[in-house]
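A.B. asks: Handing you a structure now.
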Amino acid sequence: MRRRKVGDTMTTRSGPGDGRLDPGLSAIMSERRQLINLGYRLLGSLADAEDVVQETYARWYAMSRQQREAIESPGGWLTKVASRICLDLLGSARARRERYVGEWIPEPLPDRTEWISGRPGGSTADPADRVTLDESINMAFLIVLESMTPAERVAFILHDVFRYPFAEVAEIVGRTPAACRQLASSARRRIRTSQAPATPADQHAAAVRAFKQAWEAKDIDALIGLLDPDAMATGDGGGLVTAALRPVEGAEQIARFFADRASAAPDVTILECTVNGRPGLVAQLDGVTVSVMAFDVAGDRIKHIWAVLNPDKLRPWTTG
C-alpha cells in the first residue's frame with residue numbers, strides 16, 4: 001500500500017532543547033490521531049493507547065536530529081514502534097487480566113473520542129477481508145479480538161483494518177509475510193464464527209431504547225421479551241465498585257437483575273448515547289457517569305449487555 005510520507009514535509013528539524021522551532025513537529029504530531037486509533041484497537045484501552053503514543057514519541061525524540069533526518073518515513077517509523085510496544089503489552093496482558101477483579105471489558109469510547117478516519121490512498125483490495133474503522137470499535141468486535149493471540153491481533157488489525165501490506169506487518173510482528181497472512185486468516189475465522197451479521201442501526205437503537213424504558217419502569221416481563229433467551233450480561237467494576245463478578249445468564253435472570261438495580265438506585269438517570277459507534281446507555285448519578293452499557297443486538301433481541309462501572313475506564317465520559 002502506498003502511504004503518505006510524512007518525511008516529505010520535514011526538511012528542517014531541531015531537537016526539543018536547542019532553541020529552534022521544529023517545522024516538522026506539526027507533521028509528526030499529526031500522526032498522533034492515527035497512532036491512538038491503532039493503539040486502542042490493539043489494546044482495547046484508550047488510556048493504554050495514550051501511554052503507548054507517549055512512549056513512541058519519547059523514543060522519536062530520544063534520537064539525535066541526524067538520526068531522525070535519516071528516516072525516510074517518520075510516520076511509518078512511529079507506527080512500527082507503536083505496534084511493537086502494543087505487541088509487547090499484549091504479551092503480558094493475559095497475566096494482568098488474571099489478576100483483575102471480576103470480568104475485564106474493553107474501555108468504552110464515547111462519541112467524541114471515536115477516531116474513525118481512513119488512511120489517505122489506502123488500498124481497496126480484497127474488500128471481503130476488510131473491516132472498516134467504525135466496525136472495528138464496536139464492543140462485540142473488541143471482545144472477539146480479546147480471544148486472539150497477540151500476533152493474530154496485531155497482524156489482523158494492521159492488515160484488515162489499517163490496510164498495511166503483509167510485508168510491512170511482517171517487519172513489525174517478526175514473522176514472515178506468509179506467516180502473517182496465516183495469522184490474519186485465523187483471526188478472520190474467529191470473527192466470522194463469533195459474530196452474526198450486524199443489525200441495522202435503527203433496529204439496534206430501537207431495541208436499546210425499549211430496554212431503557214422497560215428498565216426504568218422495572219417491567220420484568222417487558223425486559224424478558226426484549227432479551228434473547230440465552231442472553232448474557234457482563235459487568236466490569238475492576239474491584240473498585242460493586243459489580244457482578246460473573247456474567248448473568250438467561251433472559252429472566254438478567255431482567256430481574258436490572259429491575260433490582262433500578263429499585264436499589266432510584267436516583268440514577270439513564271441516558272441514550274453512542275458507545276463504541278453503536279447505540280448504548282449511560283447511567284448517571286448526580287450528573288456523574290457511573291456506568292456505560294454497550295449492547296449486541298440480533299434481530300429485535302438483545303444478546304449481550306456489557307456494563308463498564310470501573311471508574312478508571314470511565315475517564316473519557318467524565319472529563320472534558
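What follows draws every value from the coordinates through simple rules; no lab data is involved. Treat the numbers as computed from the prediction; the structure is a model and nothing was measured. Neighbour counts are summed over all protein chains in view; Cβ atoms, including those assigned to glycine, are modelled from backbone coordinates with ideal geometry.
A.B. asks: Zone of R189 (label point 7 Å along Cα→Cβ, backbone N under 18 Å): which residues in the range 150-164?
C.D. replies: Residues passing the 18 Å test: 150-157, 160.
A.B. asks: Given bins 5 angstrom wide, list per bin the percent of all Cα-Cα distances in the range 269-320, short to long.
C.D. replies: 5, 20, 29, 26, 11, 6, 3, 0
A.B. asks: Continuing with this model, one more query. For the range 226-320, with the dipole built from +1 on Lys and Arg beta-carbon atoms and -1 on Asp and Glu ones, taken about the Cα centre, which of N276, A233, P316 lies farthest toward the positive end?
C.D. replies: Checking the options against the dipole of the range 226-320, the answer is P316.
A.B. asks: Working out 0.36 nm times the residue gap between Q284 and E69, then minus their Cα-Cα distance, what length gain in nm do you get to one decimal?
C.D. replies: Taking Q284 through E69 to full extension adds about 72.4 nm, to one decimal.
A.B. asks: Hey, another quick one. Which number do you get for Rg(Cα) / (2.2 N^0.38 Å) in the range 213-288?
C.D. replies: Rounded to two decimals, the normalised Rg is 1.12.
A.B. asks: May I ask for the net charge around R190, where only other residues with Cβ less than 13 Å from the Cβ of R190 are counted and Lys, Arg are +1 while Asp, Glu are -1?
C.D. replies: +1
A.B. asks: How many percent of Cα pairs in the range 54-104 exceed 14 Å?
C.D. replies: 62 percent
A.B. asks: For V290, enumerate residues with amide H under 5 Å from its amide H, sequence gap 5+ or separate chain, H modeled in the peptide plane.
C.D. replies: For V290, the qualifying residues are A283, Q284, L285.
A.B. asks: Tabulate in residue order the Karplus-calculated ³J(HN,Hα) for the range 242-257, using 6.51 cos²θ - 1.76 cosθ + 1.60 with θ = phi - 60°, rounded to whole Hz; enter x for Gly and Pro.
C.D. replies: Per residue, the Karplus-derived 3J(HN,Hα) values read 6, 7, 4, 6, 10, x, 8, 10, x, 4, 5, 5, 5, 4, 5, 4 Hz.
A.B. asks: What does the extension gain come out to for Y100 and E249, with contour length at 0.36 nm per residue minus their alpha carbon separation?
C.D. replies: Result for the pair: 51.5 nm of gain on full extension.
A.B. asks: Expressed as a whole number of Å, what is the distance separating the alpha-carbon centroids of the range 189-238 and the range 266-320?
C.D. replies: One Cα centre to the other: 12 Å.
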